[in-house]
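The values are calculated or read from the model by the stated rules, or taken from the named source; none is laboratory data. Just so it is clear, the structure is predicted and the values come from calculations on it, not from any experiment. Because the Cβ atoms are built from the backbone with ideal geometry, glycine has one as well, and the counts that use them run over all protein chains shown.
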Amino acid sequence: MLSSPLRTARLLLLLIAVLSSTLVEAIKFDLPAATHPHTKCIWNYALSDSLVIITANTIAKEPFDFSNQRLDVEVVDGSKHNNVYLSKKNIKGETRLAINTHSHADLGVCFKNTQTSKSSTAPVVTIDLDVDIGADAVDYNAIANQESLSGLETEMRKLEAVANEIVNEMEYLKKRELRMADTNRKSRTSPERLAENAELTPELGIAVSTNMRVTNFAILTIVALIALGFWQVFHLRGFFKRKYLID
């Protein structure tokens, strides 16, 4: 029985996820305090309806306490709605925050260190930030204990979630490409409207550029896959010959 194209795509994405290593991104930096402080934001892209777990470990570097500084955190996104998910003042030690995103956009974790009293040296706080998005934010150990899953079943559950995220992102990119292509088509069929609405020109340029990039990337991917297939055939043939499995 032949599998559906969607099932085949999911299996291929799952295979890619198995072969690819998962990267855990974290950042550590110092943030000096000031009377009128600037906001420092760390940005990560997140799809809509994604679980995001933010862990911030803060240590007062100078003068080794928070007596004359106040560290505030705010989680925002770069969408047209400028969503503010949460805001917390005077955080100390380890702080864990959990949100669900509302839009496909860059997600910013913003810190602001305010000096509350005068001192001979400017207070400094060290921030160790870890942002887990989507499948990385799920506690699979707790799920394994709750559902009595083996180690392999737990890993497969995680890889399935990663594959679903890839499918959702591909669907989102497909919708964006179709929207830009539709803008391109409408602009070509009505040049008078394009002349009257000059603001459409940048979007038209983006549509054409994106279409060309997607086409070139698809061609490059096909060529790379064909070359990789030939290399695998010759490599396996040489391996089997060395093992005297074939003539």
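Within region 129-156, can you find the residues that are surrounded by 14 or more Cβ atoms within 10 Å (Cβ to Cβ) and within 30 Å of CYS110 (Cα to Cα)?
Once the filter is applied, which keeps residues that are surrounded by 14 or more Cβ atoms within 10 Å (Cβ to Cβ) and within 30 Å of CYS110 (Cα to Cα), region 129-156 yields LEU129, ASP130, VAL131, ASP132, ILE133, GLY134, ALA135, ASP136, ALA137, VAL138, TYR140.
With the condition kept exactly as written, say whether any residue in region 41-64 is basic (Lys, Arg), at pLDDT 90 or above and over 23 Å from ARG176 (Cβ atoms).
No - not one qualifying residue is present in region 41-64.
Cβ contacts < 8 Å: first residue outside the structural domain of LEU97 (by TED's automatic domain parsing), restricted to region 137-148; second residue part of a helix (DSSP H, G or I) and loosely packed, with under 11 Cβ neighbours inside 10 Å, any location; separation 6+ or different chain. Result?
Close Cβ pairs satisfying both conditions: ALA144/GLY151.
Taking THR121 and the conditions (1) crowded, with 16+ Cβ neighbours inside 10 Å; (2) not in a helix (DSSP H, G or I), which numbered condition does it fall short on, given that it satisfies the others?
(1)
Here are some residues: GLU74, GLU94. Which one is surrounded by 15 or more Cβ atoms within 10 Å (Cβ to Cβ) and touching a strand residue (DSSP E or B) at 6+ places or on another chain (Cβ under 7 Å)? Give the steps one after another, and end with the answer.
Details: GLU94 fails: surrounded by 15 or more Cβ atoms within 10 Å (Cβ to Cβ).
Every option except GLU74 fails the conditions.
Spot the failing condition for LYS89; the list is (1) closer than 15 Å to LEU129 by Cα; (2) surrounded by fewer than 17 Cβ atoms within 10 Å (Cβ to Cβ), and only one is missed.
Of (1) closer than 15 Å to LEU129 by Cα; (2) surrounded by fewer than 17 Cβ atoms within 10 Å (Cβ to Cβ), only one is false for LYS89: (1).
I'm told VAL73 meets every condition in (1) over 22 Å from the mean Cα position of the chain (by Cα); (2) under 30 Å from GLU169 (Cβ atoms); (3) not in a helix (DSSP H, G or I) except one. Can you identify the failing condition by its number?
If we test VAL73 against (1) over 22 Å from the mean Cα position of the chain (by Cα); (2) under 30 Å from GLU169 (Cβ atoms); (3) not in a helix (DSSP H, G or I), just (1) comes out false.
Within region 105-154, work out how many residues are under 22 Å from THR58 (Cα atoms), modelled with pLDDT of 80 or more and under 27 Å from the mean Cα position of the chain (by Cα).
Residues meeting the conditions: 16.
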